[in-house]
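The structure appears right after this line, and notes come after that.
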Amino acid sequence: MAGASDTVSLLANVPFFASLDEKRRKAMASSGREQSYKQEDKIVDEGATGVGFFLILSGTTEVRRGGKVLAKLGKGQFFGEMSLIDGSPRSADVFATSPTTCWVLTSWAFESLVKSNPEIALVMLKEMAKRLRGAQGTPAS
Ligand code: CMP
């Protein structure tokens, strides 16, 4: 498991956080924690109450609903934002498809991240629009 300063440099290499200066990255690194998963661990459970936001630091995951694969997500991508944004149950399962490490934020730390960093909110909105287009079968050009 990486120490606090390793986490800061890991986050610097993730486009999601690239727009933040070092001071903000440090603050964010200390408000989240790293969590490792084995292949086929269920990280998020469809229908459960959402308490965390996940950013993939290494490894691969699959988003599945009713056994159907909706998306494959890898390093630098995130999941678990939907329940934290609207307070509804998890919309899908998320499984690790290889040994995976995520950076995990609690719901209040996620809210504080989004409120104090509009750049991050924009990155997240763009990704959510892309996923919505994909789910509707109208991928962006
Ligand atoms: P949440 O509903 O909190 O938990 C399940 C997560 O899977 C969800 O947030 C999104 O992050 C992700 N997810 C759900 N549907 C899709 C999709 N169609 N494409 C990519 N990711 C998705």
(message) Among (1) within 21 Å of A140 (Cβ to Cβ); (2) open to solvent by 10 Å² or more (accessible area, probe 1.4 Å); (3) at pLDDT below 95; (4) within 11 Å of the ligand (Cβ to nearest atom), there is one condition L125 misses while meeting the rest; what is its number?
(response) (4)
(message) Go through (1) aliphatic (A, V, I, L, M); (2) within 13 Å of the ligand (Cβ to nearest atom); (3) within 19 Å of A18 (Cβ to Cβ) for A29 and report which single condition fails.
(response) (2)
(message) Go through (1) in contact with a Lys or Arg (Cβ under 7 Å, 6 or more places away or on another chain); (2) free of Cβ contacts under 8 Å to residues at least 40 places away in the same chain; (3) among the hydroxyl-bearing types (S, T, Y); (4) away from the ligand (no atom under 16 Å from the Cβ) for S83 and report which single condition fails.
(response) (4)
(request) Answer yes or no as to whether G47 is free of Cβ contacts under 8 Å to residues at least 12 places away in the same chain and over 22 Å from R133 (Cβ atoms). (result) no
(message) Which condition from (1) in contact (Cβ under 8 Å) with a residue 60 or more places away in the chain; (2) over 19 Å from T7 (Cα atoms); (3) among the small types (G, A, S); (4) open to solvent by 40 Å² or more (accessible area, probe 1.4 Å) is the one that S88 breaks?
(response) (1)
(request) Take the residues in region 55-76 that are in contact (Cβ under 8 Å) with a residue 60 or more places away in the chain and open to solvent by 30 Å² or more (accessible area, probe 1.4 Å), then tell me which one is farthest from the ligand (Cβ to nearest atom). (result) K75
(request) May I ask you to list the residues in region 30-49 that are open to solvent by less than 80 Å² (accessible area, probe 1.4 Å) and under 18 Å from K115 (Cβ atoms)? (result) S31, G32
(message) If I ask for residues that are touching a helix residue (DSSP H, G or I) at 6+ places or on another chain (Cβ under 7 Å) and modelled with pLDDT of 95 or more, which ones from region 89-119 would you list?
(response) P89, R90, S91
(request) Scan region 99-118 residue by residue and report those that are among the polar types (S, T, N, Q) and either within 15 Å of S31 (Cβ to Cβ) or open to solvent by 30 Å² or more (accessible area, probe 1.4 Å) (or both). (result) T106, S107, S112, S116, N117
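The values are calculated or read from the model by the stated rules, or taken from the named source; none is laboratory data. Everything quoted here is computed from the prediction, not taken from an experiment. For neighbour counting, all protein chains shown are included, and Cβ atoms are generated from backbone atoms with ideal geometry for every residue, glycine included. For accessibility, only protein heavy atoms count, side chains too; no ligands or nucleic acids. Shrake-Rupley method; radii C 1.70, N 1.55, O 1.52, S 1.80 Å.
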